[in-house]
Amino acid sequence: MRVRVDAERCQGHNRCCAIAPELFEADELGNAHARGDGVVPPQLEAKAQLAMKNCPEHAVRITNE
Ligand code: SF4
């Protein structure tokens, strides 16, 4: 599993960073991006799903890579 943030949609609410700080971080403008290469360790997959469901802009993407 891998996460990424669609920068076109992200409005910087930072819910993803609050829910899964291990997977997301915000830039200086408050917009989020995936940490590192976005690969999700198995123990964080539930958090990744939760972050996706809680993004009001539907900007969090999950792929099964
Ligand atoms: S919750 Fe969604 S809109 Fe908010 S910072 Fe994260 S990706 Fe961006």
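Readers should treat all values here as calculations from the given coordinates under stated rules, not as data from a laboratory. Everything numeric here is computed off the predicted structure, so don't read it as measured data. Counting neighbours? That spans all protein chains shown, and the Cβs are built from the backbone with ideal geometry, glycine included.
None of Q43, Q11 is among the polar types (S, T, N, Q), touching a residue at least 40 places away in the same chain (Cβ under 8 Å) and either surrounded by fewer than 17 Cβ atoms within 10 Å (Cβ to Cβ) or assigned to a loop (DSSP other than H, G, I, E, B) (or both) except Q11. Selection over region 27-52 of residues that are over 10 Å from the mean Cα position of the chain (by Cα) and either among the polar types (S, T, N, Q) or within 12 Å of the ligand (Cβ to nearest atom) (or both) gives a count of 5.
Contact map, region 46-61: residues that are on the phi < 0 side of the Ramachandran plot and in a helix (DSSP H, G or I) paired with residues that are of a type in the set (D, E, K, R) and within 7 Å of the ligand (Cβ to nearest atom), Cβ distance under 9 Å, separation 6+ or inter-chain. Pairs shown: A51/R15; N54/R15.
Selection over region 16-37 of residues that are assigned to a helix (DSSP H, G or I) and either buried (at least 17 other Cβ atoms within 10 Å of the Cβ) or in contact (Cβ under 8 Å) with a residue 60 or more places away in the chain (or both) gives a count of 3.
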